[in-house]
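These notes are about the structure you will find just below.
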Amino acid sequence: MVLCGASYGGMAITGAADQVSIRIRMLVYVDAVIPEDGQSAVDLLPEDFAEMVRAAADERGHGWVAIPEALLPPAGLIAEEDRARYVARLRDQPAATFTEPMHLTGASARLPRAYIRCTGGQRDIGGDPIEPIAARARAAGWIYRELNAPHDPHLFDPAGTAAILHELASTGSTRERHSTSRTP
């Protein structure tokens, strides 16, 4: 099985794979965070974002964080009707999912991993929070691909996203170590 997670979903797939690594053939991170043992999501993202999470949780008073405006898909790149439908499906997230550290055995780190970096424009949230994470994946020799789409590639380039995921899932050698770029 190939397990894939986008953005915050990198936390989820890392934790799941750590528990059932025997069932996983490869992990694929799509412009996602990559936690190490003892790290939380806010440890991996800029301090401005951590402050935004804490403030949103405090504002709401019950430990839930609404998606900050700066993280919503930008207008004008797809039909507004499609964007509005996507935004309407987004839900608040428990603050603890960002602040609780991940406790890992190391099993997920032994699995083949791939990283898909979205290069089609970044959000204005105090810099590019994903590039240092992508650089860590490249430095570790992971399979690495780029997709010329914003951070939500499944929304902005579903065909390109599916093509790269299919390629990675179909590869005979999950130990392949080279970069390619795909431009829609």
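Could you tell me whether the stretch 12-30 includes any residue that is out of contact with any Pro (no Cβ under 8 Å at 6 or more places or on another chain), within 23 Å of Gly120 (Cα to Cα) and surrounded by fewer than 15 Cβ atoms within 10 Å (Cβ to Cβ)?
No, every residue in the stretch 12-30 fails to be out of contact with any Pro (no Cβ under 8 Å at 6 or more places or on another chain), within 23 Å of Gly120 (Cα to Cα) and surrounded by fewer than 15 Cβ atoms within 10 Å (Cβ to Cβ).
Listed residues Asp157, Asp128; which is more than 20 Å from Arg25 (Cα to Cα), within 17 Å of the chain's Cα centre (by Cα), modelled with pLDDT under 90 and among the acidic types (Asp, Glu)?
Exactly one residue qualifies, and that residue is Asp128.
Name the pairs: first residue in the stretch 133-149 and within 16 Å of Ser7 (Cβ to Cβ), second residue among the small types (Gly, Ala, Ser) and not in a strand (DSSP E or B), Cβ to Cβ under 6 Å, at least 6 apart or on different chains?
So the pair list comes out as Leu147/Gly160; Ala149/Gly120.
Out of Ala79, Ala96, Ala17, I need the residue that is touching a strand residue (DSSP E or B) at 6+ places or on another chain (Cβ under 6 Å) and either over 20 Å from Ala135 (Cα atoms) or among the acidic types (Asp, Glu) (or both). Which one? I'd like the intermediate steps shown before the answer.
Details: Ala79 fails: touching a strand residue (DSSP E or B) at 6+ places or on another chain (Cβ under 6 Å); Ala96 fails: touching a strand residue (DSSP E or B) at 6+ places or on another chain (Cβ under 6 Å).
It is Ala17.
Taking only the stretch 65-78 into account, find how many residues are more than 29 Å from Ala96 (Cβ to Cβ) and either surrounded by 15 or more Cβ atoms within 10 Å (Cβ to Cβ) or in contact with a Cys (Cβ under 6 Å, 6 or more places away or on another chain) (or both).
Step one: filter the stretch 65-78 for residues more than 29 Å from Ala96 (Cβ to Cβ), giving 75-78.
Those left that are additionally either surrounded by 15 or more Cβ atoms within 10 Å (Cβ to Cβ) or in contact with a Cys (Cβ under 6 Å, 6 or more places away or on another chain) (or both): 77-78.
Qualifying residue count, the stretch 65-78: 2.
On the basis of being in contact (Cβ under 8 Å) with a residue 60 or more places away in the chain and surrounded by fewer than 19 Cβ atoms within 10 Å (Cβ to Cβ), does Glu81 make the cut? First the steps, then the outcome.
Details: in contact (Cβ under 8 Å) with a residue 60 or more places away in the chain: no; surrounded by fewer than 19 Cβ atoms within 10 Å (Cβ to Cβ): yes.
No: the conditions fail for Glu81.
The values are calculated or read from the model by the stated rules, or taken from the named source; none is laboratory data. Computed from a predicted model, the values in this text were never measured in an experiment. Neighbour counts run over all protein chains shown; Cβ positions are idealised from the backbone, glycine included.
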